[in-house]
Each structure stands twice: as structure tokens, then as C-alpha cells.
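These notes are about the structure you will find just below.
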Amino acid sequence: VKPTDDIDQLLHEAGSRWRARQPAAPEPDVARMRRAATTISAVPLGRLLVGFGTAAVILVLLIVSLPNRGDPARPATSPSGPLATNAALSPGPTQVAPKGPLTWFETVRLSEDRRTVHLTFTGGAPYSADNPCSVDYAASAEVVGSVLEVAIWEVDHPDRAVLPPGAGCPAIGYARELDVQLPQPFTGYEVHDLAGYVHFLSRPDNLAQLQLPEEWLLRSEETLSESPTGRWRQTYSPHEDPPGGGRPGALDFIQAFNAPAYVEGTFEQPAVEVNGSAARLWTSPEDGELVLVWRLGTDGLALVANEQDFSLDELIALAETARLPDAIDPEPSVSPDASISPQPSASPAVPSASPSSDGLPAHLADLDWRTVTQPFTGPLGSQVLGLFRNEGGNIVAWGPEQEVGDGGYAMVSFWHSRDGDEWREVKLGDWGQFIRATDVANSAAGVVAVGSLEDEAMIWWSPDAESWQQATVTPASGWSRTSIAAVAANEQGFLAVGRQRRSMAAWFSADGRSWRQVGGDLGAGTLHDVTVLPDGRFVAVGVDESRRDWDAASWTASADGSEWRSRESNRAVAGPNDELLLRVWPYRGGLLALANHHDTEERISCQGPCIDDSWRLYTSTDGSRWQEAAEIPEAGRPNAPLELWEYSAIVAWGEGLLAVGAGTDWQVRLWYSADGVSWEPIGEQLLVNGEPAPGYQIDTIYALLVDGERLIVGGDLGDLDLDGFVMIGEP
Amino acid sequence: VDITLDANLVKQAPSGLAAATPEEFGSEVGPYLGKMANLAARLADGADRDDVVQEALTRAWLKRSEFDPARGSLSGWLLAITADQARKARLRRLRRKVPYVAPRREESPDQRLDVELAIHHLSPRQRLAVECLYFAGLSVLETAAVMRCSEGTVKSTLADARKALRPRLELRP
């Protein structure tokens, strides 16, 4: 018998042998860090525009303008390509719907008679039928109300030469131009790029104003490109020809309309306040640049100054003088070309946006919690992913049960309980099968589970989550190359969403047993989640892959699943980077969505959707128009109190939302939010299974059920064996 | 217990970490990359080890201003973040709609022992401690940082783990 004292040595030897076989550790990916900092802090190019100018902008365009998926003839772009003008303008003057992938433009200007729209953009080589790397573009412009809507798209030429197998196009971008004629002069100033951006031809309305020292005069102003909602920059200086913003003698004042400012500096300082609300401040010891970002009403504002001109206190004091036009005393009058007169006693234009716990019953902070681990632990790994009460009055928990170590088979378990303490297990599937459930919906028509069986999409129906049957779909081949991500139920039936081949896809069933595909051609991409509005309509969210960069997709469907609508462009969630809407939650008649945000280049290097810890929150009142919820605090930010990810446990509760999750202190708590953006912790940390959650085990709660006055949460213990649990909190 | 590694942990991170550029940050974390990679490989269980490490580094970079040397070592902080990222990567992989392919287990035919198989029978916390210390090569202090417990708890957990492993790892003639 081997001496027991050698067990330690045996383990050390086994570990050493294992480590000896490991490849070398990767070098830190500095570029990835930079991209992450940029993607979290700046919309596309916000900071670059402030700090580095147009050359950098074009460089980033190069990065994000990579070839289309599956189209070898699509060239990448680069900043140094020869200038070429594409004179093949769109046929007819206007009202031409885009017929190909959209391309965003960098600048737009009108001719003197305001009837010719001149667009510049970066694209592929000028079109030539014998050049497989050339790209033809067309453009349209249409006056809609006071706005000019413009689109540039790629024209498909079936006769274009095709690259030989294995060949690629050179990564060269070309400065391209297009002109579009308007039937009538356009007298407005706002231009919407249907690729997702807003431009201003001239000074927009509703500009905020500052009370600057007398000698600081407005020297220049301009629209900032690549903004989903429009941004305007005013440069003030004592000098007639000021240097760039952030340098001594120049002050940039940036205003983003209905969106965060998307500006950041070099080294972030501890949080500061502007008019009592949280603001962010950066310094740069190297060059003295100061950047202050804050909110005024729904607009994001930023000041880019230099410490040779302003101290930190002076900069904050200056920011506190910012007023929106409707908050400014009409006397004395303000000239856009002159410094703004002091208004010493003016109050902030908007109240503080600090979190509020109004409407939050105190009893949630004092719940007594107990953990139930049986029958959720055992030789197979299990997790509690969802909780609901079925029509029979049972509490039902569901989740995967799988052999994670060697077998590779999985089943889905439904655990039933009357009181939350004693649970009875019902399995969906048999031993040896590989079944996954991605979502479950419950209604009076029964319970529907969606997922996959042996790698094929599948839907199951049960009257009570006890006995299950496979559903049928029309047409019979309907599950080919399909994945189903989510399902929701209303009074008329169930709607399941996902992906089929390369397109977003959806299926509806009135009874949960027979399904039909609905929605028609929803476009390239994947629908990741679906929920129900108070009026019964469905809202499905996901990712639209029809462009170079992947944008958030959002569809609304009628209550019977028959009619589908989507906005052609959703500026708040469009941009040159990838934005994947992964979860959506209804609350207070509106919607909160969680988006994963990352650099398009990173996604391409992943050869698929990379999901990392860069998150953004969006809100919508109708499921059609989305607005980025807030810059501070934003999910994924270092100062965000509640960590969010795609499996966060969040439910509508009262006037707001209730969540269970870990904060940046790695302690699991209950959280409440009135608006989905500002989250307040409730009470002390939850002791999962009687212990504080170890750092390794954060983000292990996936399900939350409000059951009268008590709460039930479900998840796994975060250990390597994936043991599940539920916790019950009672007054 | 690897005392040498423990002693290394006494090294405090530079106070300027919060102000470090990505390049400087990359240099500071360089000494810990090997352990981060090993930990990711052990805990991510089939996910892309290097991607877990890079995501952990990116996350650490974004959160660098939160690092407080007075509250723990830089390596412990990095390894805890790595463990969290490894866990997320593993869960995401488990929830994908593709069959799970278990990583090949180490076999020790010469000794007729299967250490890897044996540790799967440990309790979750015992196994975590074993994975961290013996396989990922972490010290007791670093393992404590990952498990968010005291060094004493790590040591007692390891002792319990060895005791539990004894019958499975004993060679019988």
C-alpha cells in the first residue's frame, strides 16, 4: 500500500506533470485593453475625435470596416487608398429604399441651393466588373418632416468578377463620394444616416450654454460624426485661432442629445459631482488635459480643458453653470457668438438623477433566508435557471442536469414543490440523451420548454411541467439548422425566437403543441430574447448581422405573432462596433435591455459573437425605439454597483425592477432599481448555503421569483460540480 | 505548501497601478500570467484558456483603480478575477447548444492511478482547493484569495481533501 504521507507528493507530481504540458501563457493583449476602455467609455470615436483628429477616425474606420461575412469580393478599407469618385448615383432623386448593406458616411453637406447632398465615406475600390474587390454604391435622400434621411448602400452586381478560392482582397480603403439630388431644397439642419448616425448641417436647437469668463469666446463649432443621436462641439478660446481642445488656451464643450457624451480622458479620478449629480473626471499629468463628463437632463455634456486655464474646482464650477435653453432666464439675452452672461443664482436645470428607493417596502431588507440544496446537488451537475408557479399552484424550478465530467450527456430537470422546502424531480429526457433547455414559458395553455435535442432544435409542451411531449412545427423541416434561444407567453399563445440558418427566426403556437414559423424574412442575425408588453404584443431582441458591424436588433410582433415590425434604423443602438441585445425585461410598462458591446475586430478574431464583460443598458417604452439608459452607472463600468451579465436574475417588481446579484464588492445582495439603471442594494449580503459567496462564485444566481411577500432565488453554488440550490426569503 | 511562492506574494503592487498605461499594466501582471493561464485551464474546463486570461486582464485593467494593495496581493486579485472569468466562460460553454466534450483526463498508467479521476470525487470546495494549489500551481495565499477564505481554511480544506483522496490513490498490490 502506498504510504498515505505521499498523497501530497503524488498530487504535486501530478500537478507538475500537467503544468509541464501546458503551452506558454499568452502575452497581455494591450490592444484588447485599449479597445475595452474605448468601448466602455466612448461611442465610437468620441474620445478619438476629441483627442486625435480625423486621421485617427479614419484609422478606426479601417478597423471596423472589414469584409462582409461570406462575401470574398468585399474589400476591407484603409485610410490611404486613392481618392475616387463614384459617379454612379442612385437612380432618381429620392425615395429609393436601400437595396443592399448600408454603409455609413463621414461627412454630409448641401450645395448652395440646398438641393444637392454631397456625401463622403470610406469604402471599397471603385466599381469595375472585372475587379472582384471593387464595390459599387448608391445613395438616397428623403426629407421626412424636418429631417433629411440619407442612406448609402452597396449595389449588388452579379456579373462582377469573383475571387478565386483562397484569395482575398487587399486591405485598402478608398475615399468615396456620392451626390444625391433633392427635388426640393432642404431647409432643415438634421440629417439621419440610416446606417445609424445623426449629423447636423448647422447649429442645432437646444444647445446648452455656459457662463464662461469674459475673454473666452466661441471660436468654432461643428457636428461630431459617428453619433447615434447627434453631438455638437463648441470650441471656446481667448485666442482667435485656438489650438485643439484640451490644450492650453482652448476649451471644448460637447453636447450629445439624448445620449451620454461618450468622451473620456486619460486617468479617471474619483467620482465628482456637478449640481449634486454624479460626474466623471479625468486628468492627464503629461499634457494637463482635463475632461469632465456629466448629464444635464437627458443630454450628455463634456468639457475638455487644460489645467493651465482651469483648476479642477473651476472646471466643475463652470460645468454647473451649464443650462439648457428652456432653463435660461431670457434676460439678459445670449448670443451664440459671444460669451454667456453670468447668472449667479440660477438653479440646476434638472433635478439630481440620484437613485431612489421610493416605493420599496422595507420588509425586503429584513427577509429571513434559508438555502435548500436537495435534490439539486448530486453526482450530476445541476443549476436552477428558472422559477415559476404553474397552474396547479406548484413552485417549479428548472435547469440542466448533466454529467459535466466525462459523459457529455445532459437532461433538463423540473423540480416541483408546494412550499419551497421539499422538492420532487421530473426529468425531461432519458439517460444518455443530450437535451438542453434554453428557456421556459408558463401560461394557462401549459408550459413550453425550448432548446435542443441531440443538437437539433426542439420545443416541448406540458400541461403542468410533469409529463412532456415534443411539439410539431410547420413546415415539417422547420427545425433545420435552427437554434431556439427564448420563449415568452401571452394570453394568445407562445412565441419562440432564435436563429435559422443565418437569419433571425420566430415561431408561434396558440397551444404550445403545434408551431408555425412567423415573421417572414427577419434579416440576418439572431434573436436572443423575447418578452411581452402589457398590451400583449411581443418584443424580441437580438443582433442584426446584415451590416459590417453587428447592431442590436429589435422587433415587435402582434399578440398573435402574425404581424412583425422593426425600425429601419435604431440610432441609439447602432454604431460601428458590435452591439448584441441579449436580454430584455419588461417593467413599469417599459423595457430594459442588456447589450453586450465590443469591437467588431474582436468579434471577427473570435469568428463569431464574442461575449465579454462590456455591457450597456438600453430602455424603451415601446420596444421599437431604444435609448441608452445612462452613462453613470453603466453595467460593466468599474463603478457600477451591480454586476450584470446575460444570466442576471432580474424581475419586474412594483414600479421598478428587483435583482439578485453580486456587486463590485463581490457580495451577493438583493437590488432594487426604479429605472433599470441606478441600482440600490437592499439589506445585508445574502449567505448562500450559510456562507458568504466566495469571490470565485459570484454571478451564480440566475432565477428570481416573487411569490407573494416572499422571494425565491435559484442558481448554482458556483463550485466545479455545478450543484444547484434555491434560497427562500420570507418576512 | 510552497513557502517560496507565498513569500512572493508579499511583494506589493506598485502604487501607480491605477495610473498605469496598458503597456505598463501588462508589464506589472507579467509575472502572474503563468498562474492565471493555469488557473483558467483548470477552471474553465474546455473553454479557451487564453481568451479567459485576456478577458481577465482586460477586466483587471478596467478595474485597476479598485485594486488596493493593503487589502491583498496583486496576484491574488488577478487570480480571483481570472477564476471568475473562467467560471463564466465555462458556464457559457455549458449552455451552448453543442454537445459538451469533456477534456481528456490525465492518466497515470505507470502507477495505475488516475489522480484527475480521483479529484472529481472530492467535495466542490476540496476540489477547488486541489485544483488551485496542486494543478494551477497557486500558493496557499493565492488559493485563499480565489476561494475568498483564510489561509487556515485552505490548509484544512486541503488536509480534508488528501484524506478523502487517500483510499482512491492508494496502490494495492
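Would you check if B:GLY34 is more than 22 Å from A:TRP615 (Cα to Cα), facing chain A (nearest Cβ under 7 Å) and either buried (at least 22 other Cβ atoms within 10 Å of the Cβ) or in contact with a Pro (Cβ under 9 Å, 6 or more places away or on another chain) (or both)?
no
Take A:GLY300 and decide whether it is in contact (Cβ under 8 Å) with a residue 40 or more places away in the chain, more than 14 Å from every other protein chain (Cβ to nearest Cβ) and on the phi > 0 side of the Ramachandran plot.
Considered against the rule, which asks whether it is in contact (Cβ under 8 Å) with a residue 40 or more places away in the chain, more than 14 Å from every other protein chain (Cβ to nearest Cβ) and on the phi > 0 side of the Ramachandran plot, A:GLY300 comes out as no.
Filter segment A:511-532 for residues that are among the hydrophobic types (A, V, I, L, M, F, W, C) and in contact with an Asp or Glu (Cβ under 8 Å, 6 or more places away or on another chain) and give the result.
A:ALA524, the sole residue that qualifies.
Within segment A:184-211, work out how many residues are at pLDDT below 90 and β-branched (Val, Ile, Thr).
2
I'd like the full set of residues that are within 17 Å of the chain's Cα centre (by Cα) and either at the interface with chain A (Cβ under 9 Å from one of its Cβ atoms) or at pLDDT below 70 (or both), limited to segment B:4-31.
Of everything in segment B:4-31, those that are within 17 Å of the chain's Cα centre (by Cα) and either at the interface with chain A (Cβ under 9 Å from one of its Cβ atoms) or at pLDDT below 70 (or both) turn out to be B:LEU5, B:ASP6, B:ASN8, B:LEU9, B:VAL29, B:GLY30.
Among the listed residues A:ASP529, A:ASP521, which satisfies the condition of being within 30 Å of A:PRO101 (Cβ to Cβ) and at pLDDT below 90?
A:ASP521
How about segment B:134-163: which of its residues are without any contact (Cβ under 8 Å) to a residue 60 or more places away in the chain, at the interface with chain A (Cβ under 10 Å from one of its Cβ atoms) and among the aliphatic types (A, V, I, L, M)?
Across segment B:134-163, the qualifying residues are B:MET147, B:LEU158, B:ALA159, B:ALA161.
Have a look at A:GLU222, A:GLU264, A:GLU286, A:GLU240 and point out the one that is among the acidic types (Asp, Glu) and touching a residue at least 24 places away in the same chain (Cβ under 8 Å).
Of A:GLU222, A:GLU264, A:GLU286, A:GLU240, the one residue that is among the acidic types (Asp, Glu) and touching a residue at least 24 places away in the same chain (Cβ under 8 Å) is A:GLU264.
So if I check each of B:ALA83, B:ALA70, which one is closer than 23 Å to B:CYS149 by Cα and more than 10 Å from every other protein chain (Cβ to nearest Cβ)?
B:ALA70
Can you work out which of the residues in segment A:228-282 that are part of a loop (DSSP other than H, G, I, E, B) and of a type in the set (Ser, Thr, Tyr) is farthest from the chain's Cα centre (by Cα)?
Of everything passing the filter in segment A:228-282, A:THR266 is farthest from the chain's Cα centre (by Cα).
When you scan segment A:464-476, how many residues do you find that are free of Cβ contacts under 8 Å to residues at least 60 places away in the same chain and surrounded by 14 or more Cβ atoms within 10 Å (Cβ to Cβ)?
Counting residues in segment A:464-476 that are free of Cβ contacts under 8 Å to residues at least 60 places away in the same chain and surrounded by 14 or more Cβ atoms within 10 Å (Cβ to Cβ) gives 5.
Residues being within 20 Å of the chain's Cα centre (by Cα) and of a type in the set (Val, Ile, Thr): count how many of those fall in segment A:511-528.
Qualifying residue count for the region: 1.
So A:ALA139 passes all but one of these: (1) part of a loop (DSSP other than H, G, I, E, B); (2) out of contact with any Lys or Arg (no Cβ under 7 Å at 6 or more places or on another chain); (3) among the hydrophobic types (A, V, I, L, M, F, W, C); (4) crowded, with 17+ Cβ neighbours inside 10 Å. Which condition number does it fail?
With respect to (1) part of a loop (DSSP other than H, G, I, E, B); (2) out of contact with any Lys or Arg (no Cβ under 7 Å at 6 or more places or on another chain); (3) among the hydrophobic types (A, V, I, L, M, F, W, C); (4) crowded, with 17+ Cβ neighbours inside 10 Å, A:ALA139 is out only on (1).
The values are calculated or read from the model by the stated rules, or taken from the named source; none is laboratory data. Given the structure is predicted, the values throughout are model-derived calculations rather than measurements. Positions of Cβ are backbone-derived with ideal geometry, glycine not excepted, and every protein chain shown enters the neighbour counts.
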